[in-house]
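A short reminder: the numbers here are calculations on the coordinates, not readings from a lab. Being a predicted model, the structure only gives us computed values, none of them experimental. Heads up, the Cβs are rebuilt from the backbone with ideal geometry, glycines too, and the neighbour counts pull from every protein chain shown.
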Amino acid sequence: MTIYLDSNATTRVLKPVADLVYNLMVEEYGNAGSRTHEFGIKAKQVTEKARAQVSAVVDADKSEVIFTSGATESNNIAILGLENFGLQENNKHIITTKIEHKAVLEPISYLEGKGFDVTYLNVNENGLIDLEELKSSLRDDTLLVSIMHVNNETGSIQPLEDICSILVDSEAYFHVDAAQSFAKLTGDLVNKRIDLISASGHKVYAPKGVGALIMRKRGFIKPPLKPIFFGGGQEKGLRPGTLAVPIIAGFGLACEIALTDNEEWQKHAQKLKANLIDKIKPLGATLNGDNSSPYVLNFSISGVNSEAAMVMFKGIAAVSNGSACTSTSYKQSHVLSAMGLDEDRINGAIRMSWSHMTAELPLDLIVSKLTQLKL
């Protein structure tokens with residue numbers, strides 16, 4: 001049986017979460033906007049409970065959470081929602097990195113086309129930014145700094161605490177794409193200097209199609225975001241549309257479970273990772289990025305092409321060679337390119353990612369197939 005090793009793309013839904021979602025789809029299926037009967041009132045209560053469960057992950061107030069369809073939408077609202085404020089205040093400078101997910105880079109590129117000035121921070125071979133470059137890039141007219149927490153391709157973890165320290169005297173809004181870390185590697189996300197946090201349910205054992213944008217208030221003032229589409233007053237007028245109560249509730253429950261169990265999950269994931277590294281090192285494997293996340297390993301082996309490896313792994317392990325959102329384009333990874341890796345290393349990059357539900361890795365079979373490709 002093929003083992004699933006693409007959890008950075010999406011995760012299996014936890015059984016209690018799936019059970020809750022099912023019940024809210026076929027038994028208690030009210031609309032949270034219907035206030036005239038008990039079905040709607042129950043749906044509203046369920047939604048508010050989930051809002052509290054999600055906010056607890058980063059020690060925010062539940063009023064600071066809006067539900068979205070996932071981190072891509074959250075990123076778009078966080079970035080494009082600041083456009084009017086930036087124009088009004090003549091703060092049209094944005095700082096981001098060259099290794100962000102396309103859900104950050106493309107909205108920023110859109111604003112760049114509208115006349116905003118963008119600084120793209122470099123990263124080193126480990127996929128980490130230079131804090132001094134960030135510091136020197138800050139300007140009086142910097143509107144937004146958008147830096148991801150954990151990279152989806154390499155697992156490299158940006159030093160959010162240090163970044164927050166650099167931004168302490170800046171008025172710029174700080175946005176963090178936390179799709180790969182929310183409720184799994186959350187520690188640094190509790191820092192109150194982070195204004196905006198994007199999260200996806202399907203990265204943390206909840207269904208696809210739900211996520212959140214956490215918008216921390218500064219004092220009593222919320223970030224000056226404007227909606228990017230219209231058609232209702234839901235989610236404080238910022239994200240219109242009927243709330244997807246079942247999957248919102250599932251996301252909330254997944255967050256609650258993660259808060260209790262994430263340390264144990266991390267220990268198991270780190271053990272899987274260490275065992276994999278021990279097995280592939282004798283093959284001459286080179287790790288791409290600092291691979292700090294215990295849930296993912298990105299590596300290259302001289303003479304092994306990633307496309308060929310994925311074919312060889314069929315029936316054994318489902319792996320990838322980059323972001324699921326761009327995997328059909330067959331373009332070189334912009335992340336690995338930004339890290340300065342050579343073409344052979346990029347073309348050979350294999351990403352294996354797992355969860356706490358991955359009992360063990362088929363290490364001997366993986367090594368056998370990689371060895372065949374080297375011959």
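The figures follow:
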| quantity | calculated |
| --- | --- |
| Loop trypsin sites (Lys or Arg not before Pro), the stretch 274-375, which have at most 15 other Cβ atoms in a 10 Å radius of their Cβ (DSSP) | K314, K331 |
| Dipole-positive endmost among L134, H149, T119 within the stretch 119-173 (Cβ charges, Cα centre) | H149 |
| Computed magnitude of the charge dipole of the chain (debye, nearest 20; Cβ of K, R +1, Cβ of D, E -1) | 860 debye |
| Environment charge of G237, counting only residues whose C-beta is closer than 13 Å and scoring Lys/Arg +1, Asp/Glu -1 | +3 |
| For V118, residues with placed amide H under 5 Å, excluding near neighbours | I94 |
| Charge tally in the Cβ shell below 15 Å around E83, where Lys, Arg are +1 and Asp, Glu are -1, E83 excluded | -2 |
| Dipole in debye (nearest 20) - the stretch 117-194, about Cα centre, beta carbon charges: Lys, Arg +1; Asp, Glu -1 | 340 debye |
| Residue-span extension gain [S136 to E264] - 0.36 nm each, minus C-alpha spacing | 42.1 nm |
| Rounded to whole Hz, the Karplus (6.51, -1.76, 1.60) HN-Hα couplings of the stretch 344-351, x for glycine and proline | 4, 5, 5, 5, x, 5, 10, 10 |
| Contour minus Cα-Cα distance for D278 and L87 (0.36 nm per residue) | 63.5 nm |
| Of the DSSP H helices in the chain, those whose Cα atoms cover at least 20 Å axially and whose Kyte score averages -1.0 or more | 38-57, 245-280 |
| The chain: calculated mean residue ellipticity at 222 nm from DSSP helix runs of at least 4, using -39500 (n - 2.57) | -11500 deg cm²/dmol |
| Unit Cα scatterers, Debye sum, the stretch 1-128: log10 I(q)/I(0) for q = 0.10, 0.12, 0.20 Å⁻¹ | -0.55, -0.75, -1.20 |
| For T11, net neighbour charge (Lys/Arg +1, Asp/Glu -1) across residues whose Cβ lies under 11 Å away | +3 |
| Burial ordering of R12, R35, fewest other beta-carbon atoms within 10 Å first | R35, R12 |
| Residues with amide H under 5 Å from that of S320, placed H, sequence gap 5 or more | R351 |
| Three-way shape label, the stretch 214-316, alpha-carbon gyration tensor, a/c 1.5 | prolate |
